[in-house]
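> My questions will all concern the structure given below.
The values are calculated or read from the model by the stated rules, or taken from the named source; none is laboratory data. Owing to the predicted nature of the structure, the values given are computational and were not obtained by experimental measurement. Glycine gets a Cβ as well: all are built from the backbone with ideal geometry, and neighbour counts include every protein chain shown. When the accessible area is computed, the model is the full protein with side chains, heavy atoms only, and any ligands, DNA or RNA have been set aside. Shrake-Rupley method; radii C 1.70, N 1.55, O 1.52, S 1.80 Å.
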Amino acid sequence: MSAGQSIQSKGRQVFLAVQLIIACFGLSALSPAAADTEPRPSSASIRTPDFDESVRWYQDKLGFRLLGSQSLVPGRKAVLERSGFLLEVSEADHILPQEPDSTASVQVTPVPVVSLLVPDVDREVRRLDEADVDILQPPQDDLDGTYRTAQIRDNGRHRIELREPLDDPSRFHPMGR
């Protein structure tokens with residue numbers, strides 16, 4: 001690697017770090033409701049053998065925006081953002097292992113790997129169904145009546161939960177449960 005390439009690589013790393021800081025802390029600076037004192041989940045990471053397709057899927061189907069990406073020795077990584085929620089997509093260097101009970105050669109994760117708050121689960125599921133997204137669980141209310149939820153599958157094997165607060169929305173943190 002030449003000195004110019006090294007400087008350019010360092011510059012990209014700094015740029016990505018600044019974008020992550022803005023995405024993580026920007027909401028709390030803009031909104032007192034987002035500055036909740038209780039820690040909340042605000043990021044997730046997935047691995048996929050279909051890196052380019054997965055990044056496009058999260059952008060096109062769920063409205064994430066690409067903050068940055070980089071190529072590393074073990075594979076590529078991208079950081080995407082939606083409403084302050086960060087998603088890191090890492091390229092897997094091999095096909096993920098199959099579980100014995102998998103069907104149609106695709107094993108979907110048994111529990112959601114990403115949980116997103118949406119204003120209207122029913123409307124979001126209708127929109128995603130029209131966009132040919134796999135709906136794994138249609139909208140239904142939680143047993144305690146706190147959320148209306150649905151589950152979808154991304155372009156690979158990852159289960160995504162969509163959550164709509166049914167209680168007073170002002171008491172829920174915008175980036176997690």
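> Determine the sum of side-chain charges near PHE64: Lys and Arg each +1, Asp and Glu each -1, restricted to other residues whose C-beta is under 13 angstrom from that of PHE64.
With Lys, Arg at +1 and Asp, Glu at -1, the neighbours total 0.
> Give me the one-decimal nm value for the distance between modelled label points at GLN59 and ARG123, 7 Å along each residue's Cα-to-Cβ direction.
Placing both labels 7 Å along Cα→Cβ, they lie 2.6 nm apart.
> For a quick check: with amide H placed at 1.01 Å from N, whose amide H comes under 5 Å from TYR147's, ignoring anything fewer than 5 positions away on the same chain?
Correct list: ASP142, LEU166.
> Which ³J(HN,Hα) values in Hz, rounded to whole numbers, follow from the phi angles of the range 147-164 under the Karplus curve 6.51 cos²θ - 1.76 cosθ + 1.60, where θ = phi - 60° and Gly and Pro get x?
Each residue of the range 147-164 in turn: 10, 9, 10, 8, 10, 10, 10, 6, 6, x, 10, 9, 8, 10, 9, 9, 10, 10 Hz.
> For SER115, what residues show an amide H to amide H distance below 5 Å, using hydrogens built from the backbone and excluding near sequence neighbours?
Those lying under 5 Å, H to H, from SER115 are GLU161.
> Order THR146, THR48 by their accessible area, 1.4 angstrom probe, all chains in place, largest first.
Per-residue accessible area, sorted high to low, gives THR146, THR48.
> Under a Cβ-Cβ cut-off of 12 Å, what is the net charge of the residues other than GLU164 that fall near it, where Lys and Arg count +1 and Asp and Glu count -1?
Surrounding charge for GLU164 is -4.
> While we're looking at this one, here's another question. Can you give the net charge of the other residues whose Cβ lies under 15 Å from the Cβ of ARG126, counting K and R as +1 and D and E as -1?
-4
> What are the residues whose amide H is under 5 Å from the amide H of LEU86, where those residues sit 5 or more places off or on another chain and H is modelled from the backbone?
For LEU86, whose amide H was placed from the backbone, the distant partners under 5 Å are SER43, ALA44.
> Provide the FRET efficiency to the nearest 0.05 for the GLU88-ARG153 pair, computing r from the beta carbons and using R0 = 22 Å.
Calculated transfer efficiency: 0.70.
> How large is the accessible surface of ARG148 in square angstrom, using a 1.4 angstrom probe and rounding to the nearest 10?
The accessible area comes out at roughly 50 Å².
> Please compute the length gained on full extension between ASP132 and SER71, using 0.36 nm multiplied by the number of residues separating them and subtracting their Cα-Cα distance.
The span from ASP132 to SER71 would gain 18.9 nm if fully extended.
> Short version: ³J(HN,Hα) in whole Hz for each residue of the range 75-82, in order, from phi by Karplus 6.51 cos²θ - 1.76 cosθ + 1.60 (θ = phi - 60°), x for Gly and Pro, what are they?
Per residue, the Karplus-derived 3J(HN,Hα) values read x, 8, 9, 9, 10, 10, 9, 8 Hz.
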